[in-house]
1. Counting just the residues of region 1-22 that are at pLDDT 95 or above and among the aliphatic types (A, V, I, L, M), which one comes out nearest to residue 91 (Cα to Cα)?
2. List the residue pairs whose Cβ atoms are under 7 Å apart, where the first residue sits in region 1-27 and is touching a residue at least 12 places away in the same chain (Cβ under 8 Å), the second is of a type in the set (Val, Ile, Thr), and the two are 6 or more positions apart or on different chains.
3. Can you give me the ranges of the strands (runs of 3 or more DSSP E) entirely in region 1-111 with at least 1 residues that are under 16 Å from the mean Cα position of the chain (by Cα) and over 21 Å from residue 124 (Cβ atoms)?
4. Could you list all residues from region 191-221 that are in contact (Cβ under 8 Å) with a residue 40 or more places away in the chain and either surrounded by fewer than 16 Cβ atoms within 10 Å (Cβ to Cβ) or touching a Cys at 6+ places or on another chain (Cβ under 6 Å) (or both)?
5. Do you know which residues across region 103-117 are surrounded by 18 or more Cβ atoms within 10 Å (Cβ to Cβ) and either basic (Lys, Arg) or out of contact with any Lys or Arg (no Cβ under 8 Å at 6 or more places or on another chain) (or both)?
6. Between 59, 15, 29, which is loosely packed, with under 15 Cβ neighbours inside 10 Å, among the basic types (Lys, Arg) and farther than 21 Å from residue 111 by Cα?
7. Residues in region 119-133: is at least one under 29 Å from residue 197 (Cβ atoms), at pLDDT 85 or above and not basic (Lys, Arg)?
8. Considering region 202-225 alone, what residues qualify as being touching a strand residue (DSSP E or B) at 6+ places or on another chain (Cβ under 8 Å), assigned to a loop (DSSP other than H, G, I, E, B) and of a type in the set (Ser, Thr, Tyr)?
Amino acid sequence: MGLVKVDNSVGYLEKLVRLSLGGCGNLLKLPDELHWRSLETLMLAGCYKLEMFPEVMVKMASFEKLRLQRTAIKELPASIVNLVSVKSIDLSFCSNLITVSCSIYGLRNLESLDLRGFWSLEEFPWQNECSTGPAGSIGFPSLLCLKLIRCNLQEVQFLDSVNCFPKISELFLSENEIIIKIPSLSNFENLEKLYIDGCRRLEEINGLPRHLRVLTANGCGSLGRIPLRPELYLPGYHQHQRNCLKHFEPRIWF
């Protein structure tokens, strides 16, 4: 039958450094509260029946990696903000996940956020809807990579808040078939790679950043004119034939 429940006492193991329960397909319950001051990594990938994530009761200053992909988690508690040093969160293919709480903006050291296959995600929380963080700051000051592939995004208004993503270098928006417009990304100074493959209804991108090196846009049959620099790398396209783009306007950005 396998592991079904982790006893509440485990949540008080303050010297615990790593807990790996990945692949425990029958796991239903974790401790109600987490007091893991020393924990660095929590692996729960493939715990298909796990629906609830515990309350994080202490600031986990050593914690860096949270793996929850392919679980039945429905939401993350507001206390997730106590994962103060977390660098990587993987929530990919959590098909029961309902929403992303604004509290995630409190994770000041987060570098990678993976929300691939988040079927019910129609809107990513954005600045004007979320309260400010410490000292009035807002956004993800350390985020480098954001994966929103194969979600159900209807719009990407959160990208209007450039200050929320000052360091982002990779943005994955592929296979969001409802998106029609992407706001100007020209002020995303560190964005180097943009993936929008399979955004079939996408009609417009208002602007691309100066330092963008890679753009993949296969299957964007509705995409109209966008400003492209001649040196931009478009995988799968010859320089003289970019089939996905009905019109393209090569120009050098100044």
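1. Only one residue fits best here, namely 21.
2. 18/41; 26/4; 27/4
3. Once the strands (runs of 3 or more DSSP E) in region 1-111 are filtered for at least 1 residues that are under 16 Å from the mean Cα position of the chain (by Cα) and over 21 Å from residue 124 (Cβ atoms), what remains is 65-67.
4. 210 - this is the single residue of region 191-221 that is in contact (Cβ under 8 Å) with a residue 40 or more places away in the chain and either surrounded by fewer than 16 Cβ atoms within 10 Å (Cβ to Cβ) or touching a Cys at 6+ places or on another chain (Cβ under 6 Å) (or both).
5. Hits for region 103-117 are 103, 104, 105, 106, 107, 116.
6. So the residue among 59, 15, 29 that is loosely packed, with under 15 Cβ neighbours inside 10 Å, among the basic types (Lys, Arg) and farther than 21 Å from residue 111 by Cα is 15.
7. no
8. None; the set is empty.
The values are calculated or read from the model by the stated rules, or taken from the named source; none is laboratory data. Values in this document were obtained by computation on a predicted structure and should not be read as measured data. Here the Cβ is made from the backbone with ideal geometry for all residues, glycine too, and neighbour counts use every protein chain on show.
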